[in-house]
Amino acid sequence: MAILDEILEHNRTFVQQRAYEPLRTDRFPSKRMVILTCMDTRLVELLPQAMGVRNGDVKLIKNAGAIVSHPFGSVMRSILVAVYELGAREIAVVGHHGCGMAGLNCQGVLEKMRHRGVSDQVLTTLENAGINLHTWLAGFDRVEDGVRQSVAMISRHPLLPRDVCVHGLVMNPETGLLDLLIRGDAPPANS
Ligand SMILES: [Zn+2]
């Protein structure tokens with residue numbers, strides 16, 4: 001059975017049994033926080049539980065490596081919407097040990113693309129159009145570097161209000177233990 005069919009079958013039962021009722025909430029994050037983290041499968045349930053976060057508590061943004069790769073890309077836009085439209089006041093970038101984006105082998109990814117039918121011509125056309133695939137597909141050497149870069153990109157963003165603080169953390173993907181790398185400046189108490 002395709003995974004999609006399994007999901008659709010589960011979904012019908014889920015709704016019929018009103019299993020959604022304990023999860024009901026609204027779109028405003030009650031903890032007023034945005035978490036940017038990695039799409040790693042080990043974190044799907046571990047991260048919210050290890051951080052004490054439940055449905056309705058935070059805005060959760062995920063991608064490969066918790067990387068903000070462009071100051072005007074979709075991650076930064078999501079953060080700004082969460083801050084201005086949804087009342088988020090703190091941002092936590094949470095990387096993790098053993099991340100697949102640490103030391104990602106760009107050459108290897110390109111090789112797999114070729115293997116799956118992407119022609120050299122397509123790759124050359126993209127390079128000629130100014131898209132540097134080697135930079136775009138790059139990860140980071142150490143997860144701490146990735147978190148620091150993302151925190152710097154967010155906290156120095158010209159459109160981020162100064163009273164929003166940006167933290168950097170690294171999670172152990174086995175135990176959920178968090179190491180605090182960067183504690184963002186606390187906003188004034190009366191704000
Ligand atoms: Zn990861």
Residue pairs qualifying under the 8 Å Cβ cut-off, at least six apart or on distinct chains, with the first in region 128-150 being closer than 19 Å to V109 by Cα and the second being in a loop (DSSP other than H, G, I, E, B) and of a type in the set (S, T, N, Q), are W136/S69
- Evaluate region 74-82: report whether one residue or more is outside any helix (DSSP H, G or I) and touching a Leu at 6+ places or on another chain (Cβ under 9 Å). no
Reported set for region 32-53 where residues are among the polar types (S, T, N, Q) and assigned to a strand (DSSP E or B) is T37
Filtering region 37-53 down to residues that are of a type in the set (D, E, K, R) and either buried (at least 19 other Cβ atoms within 10 Å of the Cβ) or within 13 Å of the ligand (Cβ to nearest atom) (or both) yields D40, R42
Just one listed residue, out of I67, I61, is closer than 22 Å to E144 by Cβ, part of a loop (DSSP other than H, G, I, E, B), open to solvent by 20 Å² or more (accessible area, probe 1.4 Å) and within 16 Å of the ligand (Cβ to nearest atom), and it is I67
Scanning region 10-36 residue by residue, those touching a helix residue (DSSP H, G or I) at 6+ places or on another chain (Cβ under 8 Å) and either within 16 Å of the ligand (Cβ to nearest atom) or under 20 Å from V81 (Cα atoms) (or both) turn out to be P29, V34, I35, L36
Picking from G108, G56, the residue that is over 16 Å from the mean Cα position of the chain (by Cα), more than 16 Å from the ligand (Cβ to nearest atom) and part of a loop (DSSP other than H, G, I, E, B) would be G56
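The values are calculated or read from the model by the stated rules, or taken from the named source; none is laboratory data. Computed from a prediction, not measured in an experiment: that's the story for all the values here. We place every Cβ from the backbone using ideal geometry, glycine too, and count neighbours over all the protein chains shown. The protein model used for the area step is the full one, side chains on, heavy atoms only, and it has no ligands, DNA or RNA in it. Shrake-Rupley method; radii C 1.70, N 1.55, O 1.52, S 1.80 Å.
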